[in-house]
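All remarks here apply to the structure that follows.
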């Protein structure tokens, strides 16, 4: 099996060096390159076509959110598989983390996360799954929109059945399919079907966007 090719985009050279050493210590991971700003990150993505990119949010020249949007748009336009983008954030960047996910990132991890969690997150997003820093989910997204008011639910929300709204609320709190199934006395397959329908009706890409949507519209509790 080919190693997962990981690229790092962060404006702190010392941080990049530490992550590079961590990634290079793993037999199933390779470093595909690094960049110190968002614009260089866009160029790196086109040149190296990594499997996963670790993307800082606040950087000079071009921020991580705009870089994420450009990288995914370029890949779509050129008909190539886009990299999975994992946003690197801190508690101070709550709104930016949510914006990055809306831009197409596969999730986020805190910059001070345990090395093992960062490595597991790289492997998880590479497999097509999403990652939200579990310890930060509620505290992080509870701040989304704070100070500017929550946005009203879109018209599509009215298209959800009462049961789907119940499942939505549990998923928006970060519960897994298994946890929802146990709580609602349903099979995991049934929960998975409900979640798929909810995502389709609301035009959401994945459960990470579902969490963001729930907190933005005050629907997750």
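The values are calculated or read from the model by the stated rules, or taken from the named source; none is laboratory data. Given the structure is predicted, the values throughout are model-derived calculations rather than measurements. Note that each Cβ is placed from the backbone with ideal geometry, even for glycine, and that neighbours are counted across all protein chains shown.
Residues that are out of contact with any helix residue (DSSP H, G or I) (no Cβ under 9 Å at 6 or more places or on another chain), at pLDDT below 90 and in the same structural domain as residue 44 (by TED's automatic domain parsing) are absent from the stretch 56-63. Against the numbered list (1) touching a strand residue (DSSP E or B) at 6+ places or on another chain (Cβ under 7 Å); (2) modelled with pLDDT under 95, residue 7 comes up short only at (2). Note on the stretch 78-98: among residues that are modelled with pLDDT under 90 and in a helix (DSSP H, G or I), the one that is surrounded by the most Cβ atoms within 10 Å (Cβ to Cβ) is 97.
Criterion applied to 46, 73, 32 was being outside any loop (DSSP other than H, G, I, E, B) and more than 14 Å from residue 6 (Cα to Cα), and the one residue passing it is 73. Restricting attention to the stretch 32-56, the residues that are over 23 Å from residue 101 (Cβ atoms) and in contact with a strand residue (DSSP E or B) (Cβ under 6 Å, 6 or more places away or on another chain) add up to 2.
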